[in-house]
Structure formats: C-alpha cells, structure tokens
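Q: One structure is given below, represented as structure tokens, and several questions about it will come after.
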Amino acid sequence: MITLYSFPQSRSLRVAWVLEELGLEYQCQHVALDKGEGQTVEHLARHPDGKVPVIEDGDVHLFESATICRYLAETYGDGTLLPSDPAARAQVDQWLSFIVTEIEQPLWNQAKHKFALPADKRVPAILPVCAWEFQRAISALARRYNGQEYLVGNTFTLADLFLTHTLSWAASMKHRLPEPLFAYRERHVKRPAMAKAVAREKAAAEG
C-alpha cells in the first residue's frame, strides 16, 4: 500500500492527482504543517526539511513532487502520464523542468514573502519582482503554446498535470493568464481525478 503524506493546497495535490489518474490504492496521511507537525522527529525522518509531499511505497521512500510523480508514472503507468517513447518522454521532462524552475519559482517566492516565511524574514519589496518573473515565464510559455489540447502529443501527461496545478496556484494568487492558457487550465482542472484528489486530501485533513 502506498502512503502519501500530504497537506491540502500544497504540492502534495500533484501526487494525489497522479495516484487518482493511475487508479492506484493509497493511504493519505495528513501532516498538519500549520501546527508544526512537519518539524517532528518522525516527519523529519521522512523529509529533511519537514515538508510534503512524501510517499512510502514498500522500501521506496521519496520526497519532491516531480520525482514522486515521475516514479509513480514510470512504475505503474504503463505509458499513462509518461510516454514510453524516449523522445516524447524527454519532452515531458523538459516541460516539467520548465514548469518547476521557471513558472512555479516566482509563485513560491511570492508566497514565501507574503505568508510562508516568518514575518521578520519577509521582504515585501520583492513581490513586484516575483510578479514580473512570473509574467515573463508565462510569456515564454505562450510562445510555445498555441491552444493545443496537450503540451506533449495527443494525451494528458505529467506536463499537463503540473502546468494545470501551477496555473491554478497562479490564479489563486490573482495573476492574470493569457486567454489560451486560462482556457487550458479550465479544461484540465475539471478532470475527475483532480476532484477525487482534492477530496481525498480534504478528508484526510478532517480526520
């Protein structure tokens, strides 16, 4: 049985979404990061910085959402979410790297300096820079996105899952998206597996 350590509205949703897309059985274990549970000795043994997501799959213990999701797709997907063709798989990996390092990074910096960091460590002056960096990354993405259904090939992959999640994060932070990307997000966020993942994390949090 796979165990996912999660916290709602965090990157752990990506992992829950992958698990639901693949139809895998798993336990969702809530880690109350807002109550300090991430810094317990027990959880620090799972994640060196006390964060989520973390999964335990037999002897395999992993943290970092991109690594976990890729492991799950490669191990259990049989071509679902991660193409078997090496060139297409490399395209998915390319987009995963771009999404995490270029699009997500300024959003996370914004979140840190608005609420995640201790109050005395926040630098409000950096917020306009974060907004500029995000729009710059979105403009770069828009140069390669022409309204197609999926980022890679003709099927939903990890690249689409990560981009949809990241654009949803951006929307919640009041960033404006170009119309084609707004429509892209609206389309993929309605996938049944996404709704199941949100509900699973919420139920775990509520006990």
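The values are calculated or read from the model by the stated rules, or taken from the named source; none is laboratory data. These numbers come from a predicted model, not from an experiment. Positions of Cβ are backbone-derived with ideal geometry, glycine not excepted, and every protein chain shown enters the neighbour counts. Note: accessible area is taken over every heavy atom of the protein model, side chains too, but ligands, DNA and RNA are not part of it. Shrake-Rupley method; radii C 1.70, N 1.55, O 1.52, S 1.80 Å.
Q: Counting only helical runs of four or more DSSP H residues, what would the 222 nm mean residue ellipticity of the chain come to if each run contributes -39,500 (n - 2.57) and the total is spread over all its residues?
A: -15000 deg cm²/dmol
Q: Okay, next question. Quick check on the chain: of the DSSP beta bridges with both residues there, what percent are antiparallel, nearest 5%?
A: Percentage antiparallel, nearest 5: 55.
Q: Here is a further query. Taking a probe of 1.4 Å, how large is the accessible area per residue of the chain, in Å²?
A: Ligands and nucleic acids excluded, the result is 52 Å² per residue.
Q: Below 8 Å between Cα atoms, with a sequence gap of 6+, how large is the relative contact order for the stretch 68-153 in percent?
A: Reported relative contact order: 24 percent.
Q: Take the solvent-accessible surface of the protein heavy atoms, probe 1.4 Å, and return the percent of it on the stretch 1-149 that carbon and sulfur atoms account for.
A: The C+S portion of the solvent-accessible surface of the stretch 1-149 is 50 percent.
Q: Would you mind getting the Kirkwood hydrodynamic radius of the stretch 138-207 from its Cα pairs, rounded to one decimal in Å?
A: Evaluated over the stretch 138-207, this radius sits at 13.1 Å.
Q: Where the convex hull is taken over the Cα atoms of the chain, what is its projected area averaged over directions, in nm²?
A: Over every viewing direction, the Cα hull of the chain projects on average to 11.9 nm².
Q: Here's another thing I want to ask about it. Take the Cα gyration tensor of the stretch 43-130, multiply each eigenvalue by 5, square-root it, and list the three semi-axes largest first, rounded to whole angstrom.
A: 31, 20, 7
Q: Using the Karplus curve 6.51 cos²θ - 1.76 cosθ + 1.60 with θ = phi - 60°, what ³J(HN,Hα) values do you get for each residue of the stretch 171-187, in whole Hz, with x for Gly and Pro?
A: The phi angles translate into 4, 5, 9, 6, 7, 7, 10, x, 3, x, 6, 4, 5, 4, 5, 4, 6 Hz.
Q: Considering the Cα positions of the stretch 7-63, please state its Rg to one decimal place and its Dmax as a whole number of Å.
A: 11.4, 32
Q: Name the long-range amide H neighbours of CYS28: under 5 Å, sequence gap of 5 or more, or other chain; modelled H, no Pro or chain starts.
A: Sorted by chain and number, the residues that satisfy this are LEU4.
Q: Using θ = phi - 60° and the Karplus form 6.51 cos²θ - 1.76 cosθ + 1.60, what ³J(HN,Hα) does each residue of the stretch 154-165 get, whole Hz, x for Gly and Pro?
A: Once rounded to whole Hz, the list reads 10, 8, 5, 10, 4, 4, 5, 4, 5, 5, 4, 4.
Q: For the stretch 83-194, state the semi-axes of the equivalent ellipsoid (square roots of 5 times the eigenvalues of the alpha-carbon gyration tensor), sorted largest first and rounded to whole angstrom. Mind dumping the intermediate values first?
A: Details: eigenvalues 148, 41, 35 Å².
So the equivalent ellipsoid measures 27, 14, 13 Å along its semi-axes.
Q: Starting from the alpha-carbon convex hull of the stretch 143-184, give the projected area averaged over all orientations, in nm². Working shown, then result.
A: On the way: hull surface 11.6 nm².
With every direction weighted equally, the projected area is 2.9 nm².
Q: Roughly how many whole Å is it from the C-alpha centroid of the stretch 100-148 to that of the stretch 162-207?
A: When both Cα centres are located, 17 Å separates them.
Q: Do any trypsin sites (Lys or Arg not before Pro) in the stretch 76-151 lie in a DSSP loop with no more than 15 other beta carbon atoms within 10 Å, and if so, which?
A: Passing sites in the stretch 76-151 are ARG122, ARG143, ARG144.
Q: Among 14-22, 185-193, how do they line up by average Cβ neighbours within 10 Å per residue, starting with the highest?
A: Highest to lowest by the protection proxy: 14-22, 185-193.
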